[in-house]
1. Per residue of region B:91-100, in order, report the coupling 6.51 cos²θ - 1.76 cosθ + 1.60 (Karplus, θ = phi - 60°) as ³J(HN,Hα) in whole Hz, putting x for Gly and Pro.
2. Over region B:5-100, what percent of the accessible surface lies on carbon and sulfur atoms, probe 1.4 Å?
3. Students often check this: by mean Cβ neighbours within 10 Å, which of A:51-58, A:30-37, B:98-105, A:80-87 ranks highest, and how do the rest follow?
4. Let me check against my output: what whole-number percent is the relative contact order of chain B, with C-alpha pairs under 8 Å and at least 6 apart?
5. Taking θ = phi - 60°, what integer Hz values does the Karplus form 6.51 cos²θ - 1.76 cosθ + 1.60 yield along region A:8-20, in sequence order, with x for Gly and Pro?
6. Carbon and sulfur: what percent of region A:3-114's accessible surface (1.4 Å probe)?
7. If R0 is 22 Å, what FRET efficiency do you get for residue B:73 and residue B:101 from their C-beta distance, rounded to 0.05?
8. Counting only other chains, and only Cβ atoms inside 10 Å, what mean value do you get across the residues of B:39-46?
Amino acid sequence: AQSVTQLDSQVPVFEEAPVELRCNYSSSVSVYLFWYVQYPNQGLQLLLKYLSGSTLVKGINGFEAEFNKSQTSFHLRKPSVHISDTAEYFCAVREMIQGAQKLVFGQGTRLTINP
Amino acid sequence: GAGVSQSPRYKVAKRGQDVALRCDPISGHVSLFWYQQALGQGPEFLTYFQNEAQLDKSGLPSDRFFAERPEGSVSTLKIQRTQQEDSAVYLCASSLGTGTSESFGPGTRLTVT
């Protein structure tokens, strides 16, 4: 069975500072990797995904993530955050096998940007 | 274009009542998913449809939960004899199919009192 661990439940950061949100996963098969953002009272929005190829993936809103297979990690980074980045961030995986459709999510990291 | 819509956005039910939650996916999307998100947690998979066929219902927590998508478009998640532990946000997502990314709806927040 797959599992996703987001190591920090809350991350407070000052505006314009860099941030890293950590994600580790466990799976007996290869997986696709995703980061989603959830603003208050809204659904999930895809930030970026890793399917194959370059391990450094760039997404929307200036975010990027790096897939590290040996460490089974997919950490999310942004070099300079804005107040508008305040939200809940979820890491998710999907098994890379035929017929597998469901996403397995981590528990989320609440990113709070302070002025 | 229109995204995934869900109704109602908020639902309060007394324990023991039945509820029905509706999901309108993006037009033409073949795949439809339901997830349950408890307070402070990540979403957890409930069930998956491909057109009208329910291909995976392994995440439904009990036989009180039932989902359908009879014409391969709109889907309804029904919860019978609601209990307090059913209180959560229920998220619906749809996609064009295998290998494509899902679009999520805003969710229905169910509170069971």
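The values are calculated or read from the model by the stated rules, or taken from the named source; none is laboratory data. Fair warning: this is a prediction, and the values are worked out from it, not measured in the lab. Every residue, glycine as well, gets a Cβ built from its backbone with ideal geometry; the counts of neighbours run over all protein chains shown. Surface accessibility is based on the protein's heavy atoms, side chains included, excluding ligands, DNA and RNA. Shrake-Rupley method; radii C 1.70, N 1.55, O 1.52, S 1.80 Å.
1. Once rounded to whole Hz, the list reads 9, 10, 9, 9, 8, 5, x, 3, x, 10.
2. 47 percent
3. Numbers: A:51-58: 11.6, A:30-37: 21.4, B:98-105: 17.4, A:80-87: 15.6.
The packing order, highest mean first, is A:30-37, B:98-105, A:80-87, A:51-58.
4. 37 percent
5. 10, 7, 9, 9, x, 9, 7, 4, 6, 7, x, 9, 9
6. 48 percent
7. The pair residue B:73/residue B:101 has a calculated efficiency of 0.65.
8. Mean inter-chain Cβ contacts per residue within 10 Å come to 6.
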